[in-house]
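No lab work stands behind these numbers, since they all come straight from the coordinates. Computed from a predicted structure; not experimentally measured. Positions of Cβ are backbone-derived with ideal geometry, glycine not excepted, and every protein chain shown enters the neighbour counts.
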Amino acid sequence: MQGQMLEPQTGAMETRYAKAVIHLRAALGAEGVIEDAAGRAPFRDPFAPAGQDWYEPGVVLMPSSVEEVQAVLRIANEHKTPIWTSGQGRNNGYGGASPRVSGSFVMSMRRMNRILEVDPVSATALIEPGVRFFDLYDHLREHAPHLWMSVPDLGWGSIVGNTLDHGMGYTPFGDHVASQCGMEVVLANGDVLRTGMGGMSNSRAWQVYKRGCGPNFDGLFMQSNYGVVTKMGTWLMPAPECYMPGWLQLKNDSDLEILLERLRPLMMDGTIANQPMIINAVCAMSAFTQRDAWFTGEGPMPQAIIDDIASQPMLGAWVMRFALYGDEQVVARQRQIVEDALGTIPGATLNFAKYDGRNLPEFENPHERVQAGVPSIALDQMSRWYGGESGGHIGFSCAMPITGRDGATIRDLVRGEVNAAGLDYSGVIIVSKRSMIHVGLVVFDTANAAQGKAAYDVSRNLVKTAAQLGYAEYRSHLDFMDLVADQYDFNNHAQRRFGELIKDAVDPNGILSPGKQGIWPADMRA
């Protein structure tokens, strides 16, 4: 568990930082520069094990405009001080707002939180990076109640930040990268770029047509350190006539393979248009209780206890949530197709609810909320499985085809390694049109030093063992970014070498988020 550290801030280095802070105060004002330990604390890794002192934020910067972002980058270039950017900094399980290089200035975009435009006809929104899912939802309810948005399970984060890190939601528009359209980016030299149709100053198509004429640059600014996104377009969804959330409960652990084989055609042909989530019994129960309500012993939870959990109402060895949307008669036919395909799995139980998508109730079930584009933070309870308020987790997240073989392989690998580390296996599978993401929630008590070490060790080991089987992480915790990048090894790591070429060209002083996804400035690559 080691973080890249800046050289000791003594002599010339200390002087550079001190001068930079003076200039930053002048540019941002007192409210835009946070220097005290208490003010910087929310920008640490919220799940860092007790006593860890790596990935520590230096001064926290909070610009409120594009001009202030430009000023920060000008000062950073002048003094060669690294800047780590974040939207809301809520990417918990992957390091939060913490910088990859400890001591970096952290530039939080929380004050740039304006909803600049909602087009009720084209169903688009133009937003700044500090806009949370809750913020846009409240705006839509007041100004465009006929439109839905897409949300992840926890709605406290930045829409822009989630999209830039390839995040997912759970409506038919839940592929947030696919729903993104148009960006404004401040480059490391302070120049302002607008992508796609935004390249024309009077464009009427910036938020509706993804491409322009020539190369499409949007993807360069996702999971990268090439610029600071200050505006982004996102697509919204017209409220459907019928919203029908469904639950499938599987009796046996091995039924997961059957489910995936039967689910794949339903995803590819569009019968199920959202992103189903499949969770194992422990993960499902962690949304409601803590571990000590079931088992207080050491080591992984015995199978007999897991079976007891799986036998509880509305649970199973695996549970899948999903939803159907659209015209009521079409949804009725889709339900029949789903019942024929999934309801016939031996021992499975399939249930549906039905709502008017244009007049939603106040949902009690957080799963039904997020699949209707209603933000929630109820599922944050999952992190409290061990240790209650001191609980935390690391997300180990691999992409793969939707097949029973792949599902069983990654399940068995992650469960075996996590159990061998003395921890409970909490598995989540998020399914898209042709792929699925297996998220191993490596949950631990941050106040328990042994558990913290075990969680980090097993997560690090899984990166290599999964890669040997052909499974790479699609997003990474800070601690494993270099290791994950190492696994993308085709042609002597051609992807990384190309990324470094771009980094050297657009950020020659290496000030923007050094080490993000394993891309380092030239003077730090050694």
Partner aspartates and glutamates for Lys354 [C-alpha distance under 16 Å; skip if fewer than 8 residues away on the same chain] = Glu241, Asp327, Glu328, Glu339, Glu362, Glu364, Glu368
So how long is each side of the stretch 390-526 along the principal axes, counting just the alpha-carbon atoms, biggest first, in Å?
-> 45, 39, 23
Looking at the chain, what % of its DSSP beta bridges pair antiparallel, to the nearest 5?
-> 85 percent
Potential extension, Asp292-Ser122 segment - 0.36 nm per residue separation minus Cα distance = 56.2 nm
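Full extension from Asp504 to Asp327: what is 0.36 nm times the residue separation minus their Cα-Cα distance, to one decimal in nm? Please list the in-between numbers first.
Details: separation 177, 0.36 × 177 = 63.72 nm, distance 5.15 nm.
Difference between extended and current length: 58.6 nm.
Among 385-395, 111-121, what's the highest-first ranking by average C-beta atoms within 10 angstrom per residue? Write down the numbers at each step before the final one.
Details: 385-395: 20.5, 111-121: 15.3.
Top to bottom by mean Cβ count within 10 Å: 385-395, 111-121.
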Entries of Lys231/Lys516; Lys464/Lys516; Lys453/Lys516; Lys80/Lys210; Lys210/Lys433 with Cα pairs more than 25 Å apart = Lys80/Lys210
Estimated inter-spin distance, Arg211 and Thr403, nm [label 7 Å along Cα→Cβ] | 3.1 nm
CD proxy, 222 nm, the chain: helix-only mean residue ellipticity via -39,500 (n - 2.57) per DSSP H run with n ≥ 4, per residue, nearest 500, stands at -9500 deg cm²/dmol
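What length, rounded to one decimal in nm, is gained on full extension from Met314 through to Tyr488, with 0.36 nm per residue of separation minus their alpha-carbon distance?
Numbers: separation 174, 0.36 × 174 = 62.64 nm, distance 4.02 nm.
Difference between extended and current length: 58.6 nm.
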Please compute the Cα-Cα pair-distance distribution of the stretch 242-480 with 10 Å bins starting at 0, giving whole percents from short to long.
-> 7, 32, 36, 20, 5, 0
Computed over the chain, the ratio Rg/Rh where both radii use C-alpha atoms and Rh is Kirkwood = 0.96
Report, to the nearest 10°, how far helix 449-468 tilts away from the longest principal axis of the Cα atoms in the chain, using its own Cα long axis and a range of 0 to 90°.
-> 80 degrees
Which order, highest average first, do 32-38, 483-489 follow once you tally other Cβ atoms within 10 Å for each residue and take the mean per peptide?
-> 483-489, 32-38
Between the Cα axis of helix 404-420 and the main Cα principal axis of the chain, the angle (0 to 90°, nearest 10) is 70 degrees
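So, R0 is 45 Å and r is the distance between the beta-carbons of Met268 and Asn189; what FRET efficiency does that work out to, to 0.05?
Details: r = 44 Å, r/R0 = 0.98.
FRET efficiency, Met268 to Asn189: 0.55.
So how do 46-52, 97-103 stack up, highest first, on mean other-Cβ count within 10 Å? Show your work: numbers first, answer last.
Numbers: 46-52: 17.4, 97-103: 24.6.
Ranked by mean Cβ neighbours within 10 Å, highest first: 97-103, 46-52.
Given R₀ = 25 Å, what would the calculated FRET efficiency be for Lys354 paired with Arg141, taking r from the Cβ atoms and rounding to 0.05?
Numbers: r = 22 Å, r/R0 = 0.87.
After rounding to 0.05, the efficiency reads 0.70.
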Normalised convex hull volume, the stretch 85-181, alpha-carbon set, Å³ per residue | 95 Å³
Return one number: the angle in degrees, 0 to 90 and rounded to the nearest 10, between the long axis of the Cα atoms of helix 328-342 and the longest principal axis of the Cα atoms of the chain.
-> 70 degrees
Return the distance in nm (one decimal) between the two label points of a simple spin-label model at Gln303 and Trp156, each offset 7 Å from Cα along Cα→Cβ.
-> 3.8 nm
Once the Cα gyration tensor of the stretch 115-238 is diagonalised, what are the square roots of 5 times its eigenvalues, in whole Å and ordered largest first, as equivalent ellipsoid semi-axes?
-> 22, 16, 13
